[in-house]
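Visitor: The structure's right below; bear with me while I get my questions together.
What follows is calculated from the coordinates using simple rules that are stated; it is not laboratory data. What you see is a predicted model; the values in this text were computed from it and never measured. No Cβ is skipped: glycine too gets one built from the backbone with ideal geometry, and neighbour counts run over all protein chains shown.
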Amino acid sequence: MKRIYVNEKWCLGCHLCEYYCAFANSGKSSMVKALKDHKIAPRIRIEERDGISFAVNCRHCTDPLCVKGCISGALTIVDGAVQIDSDKCVGCYTCILSCPYGALSTSNEGAIQKCELCMKNAFGQPLCVQGCPNKAIVYEER
Amino acid sequence: MNYVIIGNGTAAVGTIEGIRAVDREGPITVISEEPYHVYGRPLISYLLLGKTTEEKMLQYRPADFYEKNGVKTLLGRRALKVDPTAKAVHLEDGASVPYDRLCICTGSRPFVPPMEGLDAVEDKTSFMTLDDAKHLDAMLGEHNDKRVLIIGAGLIGLKCAEGIYQRVRELTVIDLAPRILPNVLTEAPASILQKHIESKGVRFLLGDSVQRFAPHTAHLQSGGAVDFDVLVVAVGVRPNTELAAGAGCEVERGILTDARSATTVPDIYAAGDCTVSHDIAADTDRILAILPNAYMQGETAGRCMAGDDAVFDKAIPMNASGFMGLHMITAGSYDGETYLEQDEAHYKLLVTRDNRLVGFIMIGDVDRAGIYTSLIRDRVPLDSIDFDLIREKPQLMAFSRAERAKKLGGIHG
Ligand SMILES: Cc1cc2nc3c(=O)[nH]c(=O)nc-3n(C[C@H](O)[C@H](O)[C@H](O)COP(=O)(O)OP(=O)(O)OC[C@H]3O[C@@H](n4cnc5c(N)ncnc54)[C@H](O)[C@@H]3O)c2cc1C
Ligand code: SF4
Ligand code: SF4
């Protein structure tokens, strides 16, 4: 399955992936409408320190601890990608306790949010990867 | 191979999914006393709180889960005895179900200590099952006018409190222990959480117990009394081990299993709340009655029953719970060297021992806590990472570049 992989040494720390992610999942028609005056809550995040930076998002584990530990069944594997049904999620944070990558975060709606590889939004392909100016994240089979 | 599972909770689901990861064909039969399609047991408090519905609860696995997995269900039926020689499970209604491989996933039941006068209390319940939640819901009624007494300030008692606090006139929680969540929290974080819950109108009576009941009054050891309309007994749980013991499996407080989830009797496996786990954080054997553990043990059992070589040897106590808006995540053991960070809204304690992270408690900000959990679970030597960065917050920056390349660049768990 295609996944998002990180090339740490190419990362500029520009945070564009975070903005593209927030836009892709906003349901809005333009980046300006989605992001202007909003505090963004992206599902990919940049860690940075002392000139090192890299993006972290869900690894779509083949053996996902978040799915196994979810108390409501909100997290499932759909065609290899780990998806969340926010309607079922009760916000217990057991998945935050379980994920070794820190890849899930709380969302404004009280439920949990995570990268779903843009499979459920209008783009169908990870927009963060398309927006990265330096190929520091790629979407490919490895 | 003909598989039989007793119980229909998370451990059973793990077993089914584990079997089917290896064997798509062999028939599976699930026998369970509760008459429902599998549901997430921890959701019963969220049901009362209105954060989920019965319909959604029952979608812990989709409606076609059994059908898709070739599972025959015998729901609302109780297993009485396992005959390991004839390899059959005998049910209360006289039926008997033959097996080649059996998994016992019978969970636990509420422990109700003998208390004088308890029989005379009419409106009372435990808090373990969907039926308990419905019963409590009916007793509370629609008018927010009931006085409720909960015995037990452990996770189940407090989750119950969270579920109903907006629907009662008065809510009191009593526990013999001097602090809330005695099994999960140390003193300081317990008192932070207690203050928060008290601010929502819940009253705690700690270090006290009920000496005797009158129908609507609890007379306390300390001399006082609490009047109530509805009583919830959430003192603790006891593993359902009788079937396993009767079949000759070695049982201590729970059923003994190895890392493959096999019991000491051939072709009988066991998983979930009814078993004893090896807690690698404290290096002791204990019952870990938590849902993720039930799944892992079940999945391991299922795979092994179907002939695979799976092991689950990374069990640790861990818990994520929110109480009335304040979140807490805890894991591992608190015995070791401690690192504490605390301000008004947040509390974070890290515990290390022998160059390993062995436990943590986070209240308030729980962002990315799973990175800490993974350090405990994988027993990562702390001198192989940047511990100052890990102390600051859970972050992958603390790992070496090479380790990060593995984590983010292609090898995934
Ligand atoms: C209110 C509450 C809140 C909780 N919150 C959390 C939480 O936030 N996080 C967490 O990790 N864990 C939580 N837990 C614990 C979690 O629910 C359990 O660890 C988990 O459900 C165990 O699953 P299991 O499959 O082992 O057992 P169970 O889910 O208990 O399933 C056992 C099944 O076996 C059946 N059975 C037993 N004996 C027989 C018999 N003789 N014949 C036929 N059937 C039988 C029972 O009817 C039952 O359906 C909570 C528990 C409660 C009660
Ligand atoms: S959220 Fe975490 S545990 Fe779950 S699939 Fe993604 S990386 Fe794996
Ligand atoms: S927070 Fe939601 S998705 Fe995460 S474990 Fe709890 S119910 Fe499942």
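Visitor: Work out from phi, with θ = phi - 60° and the Karplus expression 6.51 cos²θ - 1.76 cosθ + 1.60, the ³J(HN,Hα) of each residue of the stretch B:51-59, listed in order in whole Hz, and give x for Gly and Pro.
Guide: Once θ is set to phi - 60°, the couplings for the stretch B:51-59 become 7, 8, 10, 4, 4, 5, 4, 6, 9 Hz.
Visitor: Please go through the residue pairs A:Lys9/B:Lys314; A:Lys68/B:Lys56; A:Lys68/B:Lys406; B:Lys51/B:Lys195; A:Lys36/B:Lys56; A:Lys114/B:Lys406 and name each one whose alpha carbons sit more than 27 Å apart in this structure.
Guide: Pairs exceeding 27 Å: A:Lys9/B:Lys314; A:Lys36/B:Lys56.
Visitor: If R₀ is 22 angstrom, what is the calculated FRET efficiency for the pair B:Leu382 and A:Lys9, using the beta carbon separation as r and rounding to 0.05?
Guide: 0.25
Visitor: How many percent of the alpha carbon pairs in chain B exceed a separation of 36 Å?
Guide: It works out to 31 percent of all Cα pairs.
Visitor: Could I ask something else about it? List the GluC sites (Glu not before Pro) in the stretch B:12-85 that DSSP assigns to loop (not H, G, I, E or B) and whose Cβ has at most 12 other Cβ atoms within 10 Å. Which are they?
Guide: Those that pass, being in a loop and sparsely packed, are B:Glu25.
Visitor: Here's something else I'd like to know. If one computes the Cα centroid of the stretch B:1-46 and of the stretch B:277-322, what distance in Å separates the two points?
Guide: The stretch B:1-46 and the stretch B:277-322 have Cα centres separated by 16 Å.
Visitor: So, one more: Just add up the charged neighbours of B:Gly410: K/R +1, D/E -1, any other residue whose Cβ is under 11 Å from the Cβ of B:Gly410.
Guide: Numbers: positive: A:Arg3, A:Arg59, A:Arg142, B:Lys406, B:Lys407; negative: A:Glu140, A:Glu141.
Around B:Gly410, the charge tally is +3.
Visitor: Any idea what diffusion coefficient chain A gets from Stokes-Einstein, in µm²/s, Kirkwood Rh on alpha carbon pairs, 37 °C, 0.692 mPa s? Mind dumping the intermediate values first?
Guide: Working: Rh = 15.5 Å.
D, rounded to a whole number, is 212 µm²/s.
Visitor: Taking the alpha carbon gyration tensor of the stretch B:327-407, what are the square roots of 5 times its eigenvalues, largest first, to the nearest whole Å?
Guide: Three semi-axes, in Å: 20, 14, 11.
Visitor: How much length, in nm to one decimal, is gained on full extension between B:Asp83 and B:Ala259, taken as 0.36 nm per residue of separation minus their Cα-Cα distance? Walk me through the numbers on the way to the answer.
Guide: Details: separation 176, 0.36 × 176 = 63.36 nm, distance 2.39 nm.
61.0 nm is the gain from fully extending B:Asp83 to B:Ala259.
Visitor: Fewest first, what order do B:Phe312, B:Phe213 take by the number of other Cβ atoms within 10 Å?
Guide: B:Phe213, B:Phe312
Visitor: Okay, next question. In the neighborhood of B:Leu80, defined by Cβ-to-Cβ distances under 14 Å, what is the net charge if each Lys or Arg adds +1 and each Asp or Glu adds -1? Before the final figure, lay out the partial values.
Guide: On the way: positive: B:Arg77, B:Arg78, B:Lys81; negative: B:Glu33, B:Asp83, B:Glu92, B:Asp93, B:Glu242.
Here the charged neighbours net out to -2.
Visitor: Could you tell me how many cubic angstrom of Cα convex hull volume the stretch B:337-384 has per residue? Before the final figure, lay out the partial values.
Guide: Values: hull volume 3.2 nm³, N = 48.
Cα convex hull per residue, to the nearest whole number: 67 Å³.
Visitor: Go through the stretch B:96-102 residue by residue and turn each phi into a ³J(HN,Hα) via Karplus (6.51, -1.76, 1.60, θ = phi - 60°); whole Hz please, and just put x for glycine and proline.
Guide: Values per residue, Gly and Pro as x: 9, 10, x, 9, 8, 10, 10 Hz.
Visitor: At 10 °C and a viscosity of 1.306 mPa s, what translational diffusion coefficient does Stokes-Einstein give for the protein assembly as shown, taking Rh as the Kirkwood radius over Cα pairs? Give it in µm²/s as a whole number.
Guide: Answer, rounded: 64 µm²/s.
Visitor: Could you list B:Thr257, B:Thr85, B:Thr125 in order of exposure, starting from the residue whose Cβ has the fewest other Cβ atoms within 10 Å? Could you put the intermediate results ahead of the total?
Guide: Values: B:Thr257 27, B:Thr85 7, B:Thr125 22.
Ascending number of Cβ neighbours within 10 Å: B:Thr85, B:Thr125, B:Thr257.
Visitor: Using alpha-carbon positions, what is the distance between the centroids of the stretch B:164-228 and the stretch B:67-126, in Å?
Guide: A separation of 32 Å, based on Cα centres.
Visitor: Report the antiparallel proportion of the DSSP beta bridges in the protein assembly as shown as a percent, rounded to a multiple of 5.
Guide: That works out to approximately 65 percent antiparallel.
Visitor: For a footprinting-style exposure proxy, rank B:Cys105, A:Cys58 by other Cβ within 10 Å, fewest first. Can you show the working numbers first?
Guide: On the way: B:Cys105 32, A:Cys58 24.
The fewest-first ordering by Cβ neighbours comes to A:Cys58, B:Cys105.
Visitor: What ³J(HN,Hα) values, in whole Hz, does the Karplus curve 6.51 cos²θ - 1.76 cosθ + 1.60 give for the stretch B:363-368 when θ = phi - 60°, with x put for Gly and Pro?
Guide: 10, x, 7, 10, 3, 6
Visitor: How large is log10 I(q)/I(0) at q = 0.16 Å⁻¹ when the Debye formula is applied to the Cα atoms of the stretch B:118-235, each weighted equally and without solvent?
Guide: -0.70
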